[in-house]
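Taking it in order: structure first as structure tokens, then the write-up.
The values are calculated or read from the model by the stated rules, or taken from the named source; none is laboratory data. From a predicted model like this one, the values you see are computed outputs, not experimental measurements. With ideal geometry, Cβ positions are generated from the backbone for all residues, glycine too; neighbour counts draw on all protein chains shown.
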Amino acid sequence: MANGPLGLLKPRNSIYRLAIAGVFVLLAFRGGTWAFIHSRPANDLRAQVKDFSSLFAEQKSLSLIAENKKIAVPAPIVQNWLETYERAYTGRNDVRISSDKLKSYLLSLAADIDTEPTNARFEMENGRAKVFLESVPGKKINIQKSEASIIQALVNKRDSAGLTITKMEPAITLAKINGLGISALLGRGESDYGKSSPARIQNIKMGSSKISGVIVKPGDEFSFNSFLGEIDGNNGFEQELVIKNGELVPEYGGGICQVSTTLFRAAILAGLPITERKPHSFPVKYYNPQGFDATIYPGVTDLKFVNNTPAHILIQGKVKNGKVIFEIYGTSDERTVNMDGPYQYDEKPSGSMKAYFVRKISYADGTAKEERFDSVYKPPMPLARNPLE
């Protein structure tokens, strides 16, 4: 006889016979499940094993090691991974670990362990980028390797198993940033938040911090809402009174549109293509001159523009001395931007008006492009308004 897989004795005629006493527990992976094959003595091949889970009765619990963290898995959960089944070609009962159940459990752990990498954020100083938020690698459970590790631990009666955690490097780190060619101021926007309430000022500062330091790759589209995140108290925003359905009600985030408006102005003056912009529904004093604003509301309205420069761009925001300032840095391709306006017209006693401005971009190759941006404003006291104004 010759030795077969996993140490079984394999007859030369290829017919498997079990001729030794005792019980062998073998591990195999078939059809999406890990199977424990229980072999009976030769004189009892057809006997049915009634309680396969008793093989793991000593398995009180299992500790999973994820980096420096231990996760205790109670015995009932471990037992729940086991299932009995009848082998189709022998009619015998066997026990196996359900790959689906184990994978489902590992995915539930991933919700707490997996994290996306955080890109470093920067500000410009003397033509060089200086980090103000360090990059942080992300991590993700390798489900397949972790599953195999747990199976081996159970087979060998160990009380712990290691989870395989894969690190994900951030796209932008301090080591990379100064090689991106970010050295020139491309555009600058400014707005005055005047005598805003403390809550509104806090929201402006928080909104600016979410956007400041963002880097956009060449050819990529920037979305204001994608970086803003959830607008609630857990994320540092405060409530401000707004007019809604004819009443004054508190809403989180009042003042964020000051941030989007100021960034819109910087993008316009940087000569970047604007792919989504909507003016406010009525004139807002903080956004003078009227016609040079951009409202946002997550899930409804966004501010988007494309980096069509030859290198990465860096967005930097500041809130100081009653003003919001956004600057866009990158690599100059010698384009120049001239803006005519904004002009207000068709002004009515009710406060409604229209406005427009024209942007002309001249490129180094001698070509030029003109665009007109129009705004239509309703009377300034509607029964409902964007709470982020």
Item to check | Residues satisfying the stated conditions in segment 329-359, i.e. part of a strand (DSSP E or B), over 14 Å from L272 (Cβ atoms) and of a type outside the set (A, V, I, L, M, F, W, C) | outcome: N338, D340, G341, P342, Y343, Q344, Y345, K354, Y356
Checklist entry - in a loop (DSSP other than H, G, I, E, B), at pLDDT below 80 and in contact with a Leu (Cβ under 7 Å, 6 or more places away or on another chain) - does that describe any residue in segment 120-131? => result yes
Checklist entry - From the set of residues in segment 80-119 that are part of a helix (DSSP H, G or I) and either at pLDDT below 85 or of a type in the set (A, V, I, L, M, F, W, C) (or both), which is surrounded by the most Cβ atoms within 10 Å (Cβ to Cβ)? => result L102
Checklist entry - Can you name the residue in segment 164-221 that is β-branched (V, I, T) and modelled with pLDDT under 90 and, of all such residues, is nearest to T295 (Cα to Cα)? => result V214
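Conditions tested, residue by residue: (1) of a type outside the set (S, T, Y); (2) modelled with pLDDT of 95 or more.
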residue	(1), (2)
G330	yes, no
D340	yes, yes
G351	yes, no
K354	yes, yes
S362	no, yes
M381	yes, no
Item to check | Complete set of residues in segment 151-190 that are under 30 Å from L62 (Cα atoms) and more than 26 Å from the chain's Cα centre (by Cα) | outcome: I151, Q152, A153, L154, V155, N156, K157, R158, D159, S160, A161, G162
Checklist entry - What helices (runs of 4 or more DSSP H) lie completely within segment 188-282 and have 1 or more residues being among the charged types (D, E, K, R) and surrounded by 15 or more Cβ atoms within 10 Å (Cβ to Cβ)? => result 198-211, 256-269
Item to check | Filtered residues of segment 340-355 (kept if surrounded by 15 or more Cβ atoms within 10 Å (Cβ to Cβ) and out of contact with any Gly (no Cβ under 6 Å at 6 or more places or on another chain)) | outcome: G341, Q344, S352, M353, K354
Checklist entry - Taking segment 298-328 as the search range and keeping residues that are among the β-branched types (V, I, T) and crowded, with 18+ Cβ neighbours inside 10 Å, which one is farthest from I215 (Cα to Cα)? => result T301
